[in-house]
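Take a look at the structure set out below.
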Amino acid sequence: MLELGPAFIKVGQVLSTRPDIVPPVYADVFGTLQDEVPEGTGGDPKHVVAEELGDELDQSTLEPVAGGSLAYVYTADYRGERIALKVRRPELKPVITRDLRVVRGLLPLIRPVATERQQYSIQNAADDFEDIILNELDFKREATIMADIRENFDDDERVVIPAIYEDLCSERVLAMEYLTGRKITDDDAFNDIDVTPHEMATRIITVYLEMGLVDGVFHADPHPGNLGVTDDGRLLLFDFGMSERLPPTVQDDIIALYRALVRRDVDGLVDALIALDVLEPHVNRAEVGRVLELVIENLEGQSEITWRQIITELTTTLRAFPFRIPPDVMLLIRVGTVGEGVCRQLDPEFDFLAAVRSFLVEQGLIESEFDAIIEETWADVRRSLPALARVPSRVDRTLYRLERGELVVRTEPADGHGMGERNLGYAVIAGALIVAAAILSFHQRPYEIPVLAVAAGFLLVYLVDIES
């Protein structure tokens, strides 16, 4: 793919984040393309700077810093300051347009050997890929997103994002503040600063979750080359070419997906996957539900669960159904997978999912485990209110018959399952509530008295139901 050119390098990079198309082992191989830099394409990038900026910049001050599959990075002097320029490779767009035609032309050759599910994913991936790469070629778009993210973190001392020189930006040139920092995974990155690797890992998770789930616009390429540490210990973000905006509905659906996973709510999980356009609306919910139950069981059996494991389990299981990974979801998966890898490099013991859960609880996006238990308990209580409402009249009838000597105790044959199951249900709920009250009392929570009262109610229903 390196020899085929920039578009095919991007194809490989996209496939590395498309588990709906390629198995994890191939995704890992394609992932190695992330840091590869191909040979020069189509001429001198300085000519692009001259064409776009003219006399605005002293060309003699240009110095190369880095290169990627789509662009070069230079520094230059501008009005007494040193700035950074991201310059698109010369003649790149015609090459990309040609390569996109080739990719489209390959689809009819691939479809006959692909399964129905793969055909569905491949066609969608081709459409998505074209949008992604054309967006990355538009540096004006990148400048706008970068400025928006910088504004969102303007008063945040944990993170720094270069300022944009809007007057110097165009579709082919992005001009920004030149900031330096230590590569976040270097051995000496945290020497002589007041931030530990563990604290920085937590900061990375928090910042990216704020971008995606609170602000709705996020940097989607958190590999080590795009993350730095400043001398004063701040997180420095580079290269916003791979960025995305999330509509509020998608933000809500992502949170619903996580909540369903935490609660082991299979129906909620199916609903979230359909809402995110991962599954088709007319999918067989019963069959999907059965395989998702297996996913949850497999994850529960793991001594340690990672984001990568969750994605691998989900996508491997969903291969039995037509499914796709929409671009915004794909980028979120990428952020999680790459971000978790960086955090584990900083701190091998870092619990990525615990950090995510802590953030979501602090933001009020999901309830804590304790609140979830209380909510589920009260849901059971609400479902049982009709039975509780009948308790007083049943007690009156029972006492009246007892006073008149008319109370008769009967036994049912062993095959009378219906009443036994109902009675057992009341007894189980009462027992669960008593345990919950004990936990509440231990933690000095104010709910133990009402919970015990409800438990007593269920016990009474149980006893009266036995009598009747």
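The values are calculated or read from the model by the stated rules, or taken from the named source; none is laboratory data. Worth saying up front: this structure is predicted, and the values here are computed from it rather than measured. Reconstructed Cβ throughout: ideal geometry from the backbone, glycine too, with neighbour counts over all protein chains shown.
Data table
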{"quantity": "The stretch 299-314 - residue that is in a loop (DSSP other than H, G, I, E, B) and of a type in the set (Val, Ile, Thr) and, of those, farthest from ARG264 (Cα to Cα)", "calculated": "THR306"}
{"quantity": "Residue in the stretch 315-329 that is farthest from ASP127 (Cα to Cα), counting only those that are part of a helix (DSSP H, G or I), at pLDDT below 85 and not hydroxyl-bearing (Ser, Thr, Tyr)", "calculated": "LEU318"}
{"quantity": "Only one of ALA175, ALA147 that is modelled with pLDDT of 95 or more and part of a strand (DSSP E or B)", "calculated": "ALA175"}
{"quantity": "Of all residues in the stretch 71-97 being hydrophobic (A, V, I, L, M, F, W, C) and in contact (Cβ under 8 Å) with a residue 40 or more places away in the chain, the one that is surrounded by the fewest Cβ atoms within 10 Å (Cβ to Cβ)", "calculated": "VAL95"}
{"quantity": "Members of the stretch 280-307 found to be within 27 Å of CYS343 (Cα to Cα) and not aromatic (Phe, Trp, Tyr), listed by number", "calculated": "VAL295, ILE296, GLU297, ASN298, LEU299, GLU300, GLY301, GLN302, SER303, GLU304, ILE305, THR306"}
{"quantity": "One residue from ASP232, ASP253, ASP277 being modelled with pLDDT of 85 or more and either under 19 Å from GLY341 (Cβ atoms) or assigned to a helix (DSSP H, G or I) (or both)", "calculated": "ASP253"}
{"quantity": "Of all residues making up the stretch 177-196, the number that are more than 16 Å from ASP231 (Cβ to Cβ) and in contact with a helix residue (DSSP H, G or I) (Cβ under 6 Å, 6 or more places away or on another chain)", "calculated": "1"}
{"quantity": "Matching residues in the stretch 150-162 - criterion: being assigned to a helix (DSSP H, G or I) and crowded, with 16+ Cβ neighbours inside 10 Å", "calculated": "ARG150, ASN152"}
{"quantity": "Exclusive hit being touching a residue at least 24 places away in the same chain (Cβ under 8 Å), touching a Gly at 6+ places or on another chain (Cβ under 7 Å) and either outside the structural domain of GLU340 (by TED's automatic domain parsing) or under 28 Å from GLN345 (Cα atoms) (or both), set ARG203, ARG182, ARG172", "calculated": "ARG182"}
{"quantity": "Residue identified as within 21 Å of ASP99 (Cα to Cα) and modelled with pLDDT of 70 or more among TYR72, TYR78", "calculated": "TYR72"}
{"quantity": "Cβ pairs under 9 Å, 6+ apart, first in the stretch 106-131 and at pLDDT below 70, second of a type in the set (S, T, N, Q)", "calculated": "ALA114/SER121"}
{"quantity": "Selected residue [under 20 Å from the mean Cα position of the chain (by Cα), in contact (Cβ under 8 Å) with a residue 24 or more places away in the chain and part of a helix (DSSP H, G or I)] from VAL270, VAL288, VAL295, VAL262", "calculated": "VAL262"}
{"quantity": "Enumeration of residues in the stretch 24-68 that are assigned to a helix (DSSP H, G or I), touching a Ser or Thr at 6+ places or on another chain (Cβ under 9 Å), surrounded by 15 or more Cβ atoms within 10 Å (Cβ to Cβ) and at pLDDT 70 or above", "calculated": "GLU52, LEU53"}
{"quantity": "Tally of residues being in a loop (DSSP other than H, G, I, E, B) and closer than 16 Å to GLY339 by Cα across the stretch 187-225", "calculated": "4"}
